[in-house]
1. Give the separation of the Cα centroids, region B:29-94 to region B:7-28, in Å.
2. Going by alpha carbons, how many degrees (0 to 90, nearest 10) lie between the helix axis of B:136-162 and the longest principal axis of chain B?
3. At 7 Å along the Cα-to-beta-carbon direction for both B:Glu204 and B:Leu160, put a label point, then send me their distance in nm to one decimal.
4. Non-local amide H neighbours of B:Asn62 (under 5 Å, H modeled in plane, Pro and chain starts lacking H): which ones?
5. State, to one decimal in nm, how far the label point of A:Ile78 lies from the label point of B:Ile40, with both points 7 Å from Cα in the Cβ direction.
6. In whole percent, what relative contact order does chain B give with Cα contacts below 8 Å and a gap of six or more residues?
7. With θ set to phi - 60° and the Karplus curve 6.51 cos²θ - 1.76 cosθ + 1.60, what are the ³J(HN,Hα) couplings of region A:73-90 in order, to the nearest whole Hz, using x for Gly and Pro?
8. Relative to the first principal axis of the alpha-carbon coordinates of chain B, what is the inclination of helix B:171-206, with its axis defined by its Cα atoms, in degrees from 0 to 90 and to the nearest 10?
Amino acid sequence: MFKINDKRGLMIFGVLILVFLTLSIAAYMTSGHMGIEERFNNAVGIHADSEEEGSSGIFGFNIEGNLVSYAIIVFAFIIICAVLYIRSKL
Amino acid sequence: MAHIHLEDGAFTLQWISVWWILAIVLISLCLYWMRKGKGIDSKTITIAGMLNAAAFAIFQVNMPLFGGVHMNLTPLIGILGGPAVGGVIVLIVNILSAAIGHGGWGMIGANVLVNMTEVSAAYGTYKWLGKTKVSTFARAGSAVLIGLFLGNIAMIAVILISGVQGVTQSRIDMLYGLSLLAGVNMGVAVIEAIVTGYIVSYIERARPDMLRG
């Protein structure tokens, strides 16, 4: 079972989560539903004409920036990591 | 997650230069520290490469939460890599992100400073909580929340100090708007805290040698 320090740590973590989640929901309700760029522009007072409508992605998840470049860089990273992993015998 | 999502031209050239110079000085210190400290062995390079790959891949994924937010794994970078390696990783991630159109080139300096705040704060909190013998999950999760909270404060400070060109909004209004934005950001920080907590706990069980302490 959990030790006393573990319980205390989890309780503090739980309280932090509750505080930040409450703050977050309150901030979202106040500022309204908007995309990340729009939220930023609104916060600093930039009036963009209209935000480009991005693709809806998969289940609402989408990639910021150029998708092809993203895929190429991630693929390159996978190759580099595989080589590093084999060479370092981690 | 704290990342300045403003396009090039939002800050004056003077402030872009200031943030870039500060970021270069800090990155130079990180490189110096890495060479003077334990040195850079192949294990450190491999962990740094993996953290870089994971951070870049996650950084670009917009989640369907609160209208669109993304994680950035900077606290995990701090916990596993430490502030020196972490500083170099966030520079690379920010450069690659700008290269694919996520954030402006001029914002890289400011964003590196914001992300380095997250890396260092998470690392410091994780280390500090190590003395209290709390569970790794709570330790890592709390480090993430503190790190990302301070990162958001750094982001607000950078924007308020620089000011934004071509807007009529006062600094007070900007502070209010940015505080709401930071509040929303902390929602995804909660998810990031739980995810990072599980990752670090798993690494501690499976590969304790990868954790710095």
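Every read-out reported here was derived from the displayed coordinates using simple, explicitly stated rules and does not represent laboratory data. Just so we're clear, the structure is a prediction, and the values are computed from it rather than from any experiment. Please note: Cβ atoms are built from the backbone with ideal geometry, for glycine as well, and neighbour counts cover all protein chains shown.
1. 20 Å
2. Approximately 20 degrees, to the nearest ten.
3. Once both label points are built, they end up 3.5 nm from each other.
4. Under 5 Å from the amide H of B:Asn62 lie the amide H atoms of A:Asn62, A:Ile63, A:Glu64, each far enough along the sequence or on another chain.
5. Result for the modelled spin labels: 2.6 nm.
6. 29 percent
7. These are the phi-based 3J(HN,Hα) values: 5, 5, 4, 4, 4, 4, 4, 4, 5, 4, 5, 4, 4, 5, 5, 7, 6, 4 Hz.
8. 20 degrees
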